[in-house]
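One structure below.
The values are calculated or read from the model by the stated rules, or taken from the named source; none is laboratory data. The structure displayed is predicted, hence computed values, not measured ones. Note: ideal-geometry Cβ built from the backbone for every residue, glycine included; neighbour counts use all protein chains shown. For the accessible areas, the whole protein counts, side chains as well, though only heavy atoms, and no ligand, DNA or RNA atoms are used. Shrake-Rupley method; radii C 1.70, N 1.55, O 1.52, S 1.80 Å.
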Amino acid sequence: MNRTMKIALFGPPGAGKGTQAKYIVEKFNIPQISTGDLLRAQVREGTPLGKMAKEFMDKGALVPNEVVIEMMKERISDGDCSKGFILDGFPRALSQAEALSGIVKLDAVVNIVVDESALVRRITGRRMCKCGGTFHVDFNPPKQTDICDQCGASLYQRDDDKEETVLSRLEVYRSQTEPLVEYYGKEDIVHDFDGNRQIDQISSDILGFLSKLEG
Ligand code: ADP
Ligand code: AMP
């Protein structure tokens, strides 16, 4: 790799960020940093941060900025991030983007654009595995119902993937996160991808774009 590959994946909840991140990790061997995954790990471990965060997550609200910013600063300073990383779910508010720009300069924002009408079905049908695997009951089903293809563990539904919470999350996205597309547009680093297609068509486009970026 000639250049660093510091990327942020953008798009509303359910756009396919986590799904696409797995392909990028595999091809370019850079870590995926998902603030949602980091927060869910804290919730599972029952830490004070996890207990506090869960109250916000269950409502579909953003966890306070200073908490996620601190978490990201720590994670990005780890050795495995020196050549690049994929941010998934961060930044999600203007103050987070500003804090990030004080630490690193992103090389590209991969913006996955999906019709609003598809998102609720994608999210309510999502099934997760503790190993990081993401499936969908209709669009990306595991080979055996509710069993992870990758590790054989039981799949589960996220607490915040219920329809009523999903609607709040979409509203938070529109009001707080979507304006960041314009913010990064000023740096001329936003690249749109049509996320309404099949998973492998989207990944083929994104991987092709990133290969060129890598140089
Ligand atoms: P995000 O990380 O952006 O919230 P996910 O990657 O978890 O989104 O995808 C949300 C759900 O939609 C998952 O159940 C996933 O399997 C499914 N999914 C992802 N990409 C597509 C696609 N292109 N078409 C249909 N379903 C998809
Ligand atoms: P995600 O896994 O990205 O869908 O995030 C799940 C939930 O975690 C969100 O609805 C928020 O409550 C919280 N969260 C994740 N990332 C952030 C962030 N960057 N800022 C604030 N809250 C976040």
Equivalent ellipsoid dimensions for the stretch 55-171 as semi-axes, Å, which come from the Cα gyration tensor, largest first:
28, 19, 14
Could you give the nm distance between label points at Asp159 and Glu74, where each point is 7 Å from its Cα heading toward the beta carbon?
2.0 nm
Kirkwood-based Rg to Rh ratio, the stretch 115-215, C-alpha trace
1.02
Assuming 1.002 mPa s and 20 °C, estimate D for the stretch 16-107 with Stokes-Einstein, Rh taken as the Kirkwood radius over Cα pairs, in µm²/s.
154 µm²/s
So what's the gap between the Cα centers of the stretch 170-203 and the stretch 68-88, to the nearest angstrom?
20 Å
Let me check against my output: what whole-number percent is the relative contact order of the chain, with C-alpha pairs under 8 Å and at least 6 apart?
32 percent
Accessible surface of the chain, 1.4 Å probe, proportion on carbon and sulfur as whole %:
49 percent
Using a Förster radius of 41 Å, what is the FRET efficiency between Asp200 and Glu55 based on their Cβ-Cβ separation? Nearest 0.05, please.
0.60
Report the full-extension gain for the segment Asp149 to Cys131: residue separation times 0.36 nm, less the Cα-Cα distance, to one decimal in nm.
5.4 nm
Over the stretch 97-215, give the accessible area per residue in Å² for a 1.4 Å probe, as an integer.
54 Å²
Sorted largest first, the C-alpha extents of the chain along its principal axes in whole angstrom are 42, 38, 34
So if each residue of separation counts as 0.36 nm, and I subtract the Cα-Cα distance between Ser101 and Ser82, what length gain in nm does that give?
5.3 nm
Counting helices only, and only those DSSP H runs with n ≥ 4, report the 222 nm mean residue ellipticity of the chain as the sum of -39,500 (n - 2.57) divided by its residues, in deg cm²/dmol to the nearest 500.
-13500 deg cm²/dmol
Full-extension gain in nm, Glu66 to Phe209, via 0.36 nm per residue minus C-alpha separation:
48.2 nm
Under Stokes-Einstein, the stretch 63-123 at 25 °C and 0.890 mPa s, with its Kirkwood radius over C-alpha pairs, diffuses with a coefficient in µm²/s of 184 µm²/s
